[in-house]
Amino acid sequence: MAVRINKELPSPAELKKEYPLSDKLKNIKEKRDEMIKDVFAGKSDKFLVIVGPCSADNEDAVCEYVNRLARVNEEVEDRLILIPRIYTNKPRTTGEGYKGMLHQPDPEKAPDLYAGILSIRKMHLRAMEETGLTAADEMLYPENRSYLDDILSYEAIGARSVENQQHRLTASGMDIPVGMKNPTSGNLEVMLNSIVAAQKGHRYIYRGMDVSTSGNPYAHAILRGGVDKYGTCIPNYHYEDCIRLYDLYQKKDLENPAIIVDANHSNSNKKFKEQIRITSEILHSRRYNPALKDMIKGVMIESYLEEGRQDICDHMTYGKSITDPCLGWDDTRDLILKIAEEC
């Protein structure tokens, strides 16, 4: 076989024992989890803002960003729940490029997955300890989530993964909200089928075990735009798109119907400044239609300390994305305050 074993990795249980969650952090996570679940269950009218770098590439920069976010959170916590994006795995369309801190804890050095699983757990723990905010990550590799499943309060399944059976089955066993993105084609039925699968219980093989799940009632939709056969981005955040998804939801027997709108990716055509305008349009749609106000539970925004993006090199700018371009901090803070006023 064309496979070479580089190193035996510790099990999730071993890693958690080495870098445990303190009782204080367990209590913080429990409270945050319930706050976020209450939004999806309709028990809270707070608006979710899942915001942060496209990819977490530097522990110090990420933790500085989350500390700034925590200070803004104090100003808006009566209206918003801020969930920092600490995305440690990155899907690559062609398989090339930076795959996230799990693979490359230092973007300028060779991949090291042993160092990677240690670095991502330490970074998530540090962010929680310093700010009291629990984070979101992407479930790119279902079996890898076990290294962080006691830390995260929200997970997303990406456009390239949402049709994968293992992702759907694993989502059905999560005890936190999980967002299912529409696939890159933009097909909403595929996304809804994934939500149906995630909300049902299943029996399958997971990390060498025969496991059963009870289903995840907080599985929901994330609109991220699509791409047509010519490679043109087709946004799906407009009022008509949200109404269409609302109508499709009514035909499914699903618990806690909910939409999160991703303001970047194919909705913005990766024109990162457009996220400001797109978010404003989403808020307007919610104000205009009470049904959408109930169903659209939040937005997903990509931002970092410095705006834009950069290539990996020997003179990188601290706090600037090395994957998709992001909003800078000043625009981010202004946008969060605006959301709090208008949601």
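Just wondering, is there one or more residues in region 135-149 that are outside any loop (DSSP other than H, G, I, E, B), modelled with pLDDT under 95, out of contact with any Lys or Arg (no Cβ under 9 Å at 6 or more places or on another chain) and of a type in the set (D, E, K, R)? Yes, the conditions are met somewhere in region 135-149. Scanning region 300-318 for residues that are buried (at least 20 other Cβ atoms within 10 Å of the Cβ) and not in a strand (DSSP E or B), we see that the one that is nearest to the chain's Cα centre (by Cα) is Y304. Taking (1) over 17 Å from V299 (Cα atoms); (2) surrounded by fewer than 23 Cβ atoms within 10 Å (Cβ to Cβ) in turn, S194 satisfies each apart from (2). Checking each residue in region 44-76 for being under 21 Å from C326 (Cα atoms), among the charged types (D, E, K, R) and in a helix (DSSP H, G or I) picks out E59, D60, E64, R68, R71. Within region 31-44, residues that are free of Cβ contacts under 8 Å to residues at least 40 places away in the same chain have Cβ atoms under 6 Å from residues that are exposed (fewer than 15 other Cβ atoms within 10 Å of the Cβ) and assigned to a helix (DSSP H, G or I) in these pairs: S44/D38, counting only partners at least 6 apart in sequence or on another chain. Looking only at region 162-186, which residues are out of contact with any Pro (no Cβ under 7 Å at 6 or more places or on another chain), under 20 Å from K90 (Cβ atoms) and either assigned to a helix (DSSP H, G or I) or in contact (Cβ under 8 Å) with a residue 24 or more places away in the chain (or both)? Within region 162-186, A171, V178, G179, M180, K181, N182, P183, T184 qualify.
Of all residues in region 45-60, those satisfying the criterion of being touching a helix residue (DSSP H, G or I) at 6+ places or on another chain (Cβ under 8 Å) and touching a residue at least 60 places away in the same chain (Cβ under 8 Å) are F47, L48, V49, V51, G52, P53, A56, E59. Please work out if E189 is in contact with a Leu (Cβ under 8 Å, 6 or more places away or on another chain), without any contact (Cβ under 8 Å) to a residue 60 or more places away in the chain and assigned to a helix (DSSP H, G or I). Judged against the criteria, E189 is a match.
One residue stands out in region 77-121 among those that are β-branched (V, I, T) and either out of contact with any strand residue (DSSP E or B) (no Cβ under 7 Å at 6 or more places or on another chain) or assigned to a loop (DSSP other than H, G, I, E, B) (or both): the one that is nearest to S44 (Cα to Cα), namely I86.
If K338 passes every condition in (1) touching a Lys or Arg at 6+ places or on another chain (Cβ under 6 Å); (2) loosely packed, with under 15 Cβ neighbours inside 10 Å but one, which one does it miss? So K338 meets the others, but not (1).
Exactly one residue out of K297, K252, K273 is touching a helix residue (DSSP H, G or I) at 6+ places or on another chain (Cβ under 7 Å), touching a residue at least 12 places away in the same chain (Cβ under 8 Å), basic (K, R) and surrounded by fewer than 16 Cβ atoms within 10 Å (Cβ to Cβ), and it is K252.
Being surrounded by 15 or more Cβ atoms within 10 Å (Cβ to Cβ) and among the basic types (K, R) is the filter here, so list the residues in region 80-121 that pass it. If the condition is that a residue be surrounded by 15 or more Cβ atoms within 10 Å (Cβ to Cβ) and among the basic types (K, R), then R85, K90, K99, R121 are the ones that fit.
The values are calculated or read from the model by the stated rules, or taken from the named source; none is laboratory data. In this text, all values refer to a predicted model and were calculated from it rather than measured experimentally. No Cβ is skipped: glycine too gets one built from the backbone with ideal geometry, and neighbour counts run over all protein chains shown.
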